[in-house]
Every structure is written in structure tokens, then in C-alpha cells.
Amino acid sequence: MLYNGHERRQTGADADGVDTVNLKKILTFAGIALLLFFLIAEPQQAAQLVTNILNSLRTAAEALITFVRQLF
């Protein structure tokens, strides 16, 4: 690849030497590991958290439906 008239080699690393693709993979695996640890260590709290999230989504969907109905 030419850059300002000079050939520049493309590598997987950024200018500071950090490969962002590998960093994303590492952070993704770390997040999954943390989630699995939470599920195994505190299953009741994890279930309650999922229930709370689903209830919040249901409430938001109902509010959106009410809003759209009021428009028409």
C-alpha cells in the first residue's frame, strides 16, 4: 500500500502495536467467563436479574404500544 509516496506494509497491529481484533476477542471471552462465573456462583441472583430485565423490556414495549395507539 502506498502512503505519501512510500510503501507501507499492512500488519494486524495498530501504530502502538496493539492488535484490536485480538483485544476484542480477549474482552469477549473475559465477559463470557465473568457471566458464567456469576451464573454458577449466584444462580438465584442471576435468575432474578434476568427476570428484572425481562420485566423492564415488557414495560417498555407496553409503553411503546400505548404511545403508538395514541397516535392513531
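Points worth noting:
- Rounded to the nearest 0.05, the FRET efficiency derived from the C-beta distance between Glu62 and Leu23 at R0 = 25 Å is 0.05.
- Estimated FRET transfer efficiency when R0 is 30 angstrom, pair Phe72-Asn52 (beta carbons, to 0.05): 0.40
- Heavy-atom accessible area ranking, 1.4 Å probe, most first, across Leu34, Leu39: Leu34, Leu39
- Ile53 accessible area, 1.4 Å probe, all protein chains in place, Å² to nearest 10: 90 Å²
The values are calculated or read from the model by the stated rules, or taken from the named source; none is laboratory data. Here the structure is a predicted model, which is why all the values come from computation and not from measurement. Counting neighbours? That spans all protein chains shown, and the Cβs are built from the backbone with ideal geometry, glycine included. We work out accessible area using only protein heavy atoms, side chains counted, and drop any ligands, DNA or RNA first. Shrake-Rupley method; radii C 1.70, N 1.55, O 1.52, S 1.80 Å.
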